[in-house]
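Asker: The structure that follows is given in the form of structure tokens.
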Amino acid sequence: MLVMEGLGKSVEPCLCLCVFASIISFSEFRTLFRYASILFITSIPWKENELNMVDTPGHADFGGKVEQVVGMVEGAILVVDAGEGPLAQTKFVLAKALRYGLRPMILLNKVDRPSVSEERCDEVESLVFDLFANLGASEEQLDFPVLYASAKEGWASLTYTKNPPDDAKNMSQLLDAIVKYVPPKTASLDEPFQMLVSMMEKDDYVGRILTGRITSGIVRVNDRVHGLRHSDSGSSKLKMEKGELQLGILLENMRRENFELSFSPPKVMYKIEKGVKLEPIEEVTIEVNEEHVGMVMEALSHRRAEVTDMGPVAGNFGRTRMTLTCPSRGLVGYRSVFSSDTRGTGFMHRAFMGMFFSSIGKF
């Protein structure tokens, strides 16, 4: 991986790691608003190793960016809240990592909270294992290492603890685990320099910045780098990734740059196979306060949703989590209704399941 910004020495292929988070912080959102993508990179020297870490959120709207990052790295750390367990977004980013053959490490964060016990951590580990199995993980991927951490206090441990010794209140055990479990980068330094670019930026001070993965060779300061852009017709193409959040940011940026544009309402795409009409079905995960459960279930039942799982949210008294399956056509325009029904306190995550037989009838 290479960030061509202020290079002061030769750059060679080295160990790369991806860190998946489940939320978008305000600082990340500001960067997102500026570049319409999220990609944070840092390099850490550790015991004769150089660890390049990429941080990207687990938001389905940025599936293309997450997939690019997963293609750049050799390993991944899946950060899970020890109190809440794996969230709906966790399933999305984990599926990407497993598909690329990565062997994720599990980091249970916030174990310093009073409500988090060793028994609760064991329960979360079981939930993560079930999630791995449901996503088709291999035997090697199912044998994932687990670490416990408190990012707030700045420490990580290989064993469960709430108060490690003073000399162990650091991230050394996490960094040692990365070196142990993440395979080193394999590339030929004798071949010509090649790099797969995943992100392009422009800086008013340093000029163009390319971020990507080095597959072979070495690059030095003042070396001339030639870029190749491939398309079937020989011309450049604009690819717009789906996602309400990403699309909203793109449209807002274009309006601020005085572009005039119009866009139509969303439309569900159907598919015909062997004379049978198929429609997209989504898995919907919802977290709401108890007093809003009845209203939400009534609204979704009219949209042909079916409840597959329902229960309290661990560590959040008075909150209920529901998992449903619903046709995509039933979810068009529902987000604003959901926000109004839950007074802005509800959470909803949608994930595409596949194309299934289209039920008869309209909403």
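Asker: Highest mean first, how do 192-198, 106-112, 320-326, 205-211 rank when packing is the count of other Cβ atoms within 10 Å averaged over residues?
Answerer: With the highest mean Cβ count within 10 Å placed first, the list reads 106-112, 320-326, 192-198, 205-211.
Asker: About its Cα centre, what dipole magnitude does the range 271-357 give when the only charges are +1 on Lys and Arg Cβ and -1 on Asp and Glu Cβ, stated in debye to the nearest 20?
Answerer: Magnitude of the dipole: close to 340 debye.
Asker: Label points 7 Å out from Cα along the Cβ direction at residue 262 and residue 49: separation in nm?
Answerer: 5.7 nm
Asker: Mind sorting 125, 306, 260 by how few other Cβ atoms lie within 10 Å of their own Cβ, fewest first?
Answerer: Lowest to highest Cβ neighbour count: 260, 306, 125.
Asker: Between residue 252 and residue 206, what is the label-point separation in nm under the 7 Å Cα-to-beta-carbon projection?
Answerer: The two pseudo-label positions are separated by 2.7 nm.
Asker: If you don't mind, there's one more thing I want to ask. Return the subset of 152/180; 96/152; 202/271; 91/267; 185/271; 91/152 for which the Cα-Cα distance in this structure is over 31 Å, preserving the input order.
Answerer: Pairs exceeding 31 Å: 202/271; 185/271.
Asker: Label the range 248-363 by shape, choosing from rounded, prolate and oblate, from the square roots a ≥ b ≥ c of the eigenvalues of the Cα gyration tensor; if a/c is under 1.5 it is rounded, and otherwise prolate applies when a/b is larger than b/c, oblate when it is not.
Answerer: Judged from the Cα gyration tensor, the range 248-363 comes out oblate (a/c at least 1.5, b/c at or above a/b).
Asker: Can you give me the distance in nm between label points at residue 336 and residue 139, each placed 7 Å from the Cα along the Cα-to-Cβ direction?
Answerer: About 5.4 nm separates the two model spin labels.
Asker: Starting with the fewest neighbours, write out 153, 140 ranked by other beta-carbon atoms found within 10 Å of each beta-carbon.
Answerer: By the 10 Å Cβ count, ascending, the order reads 140, 153.
The numbers here are math on the coordinates, done by the rules we state, and not lab data. The structure displayed is predicted, hence computed values, not measured ones. Positions of Cβ are backbone-derived with ideal geometry, glycine not excepted, and every protein chain shown enters the neighbour counts.
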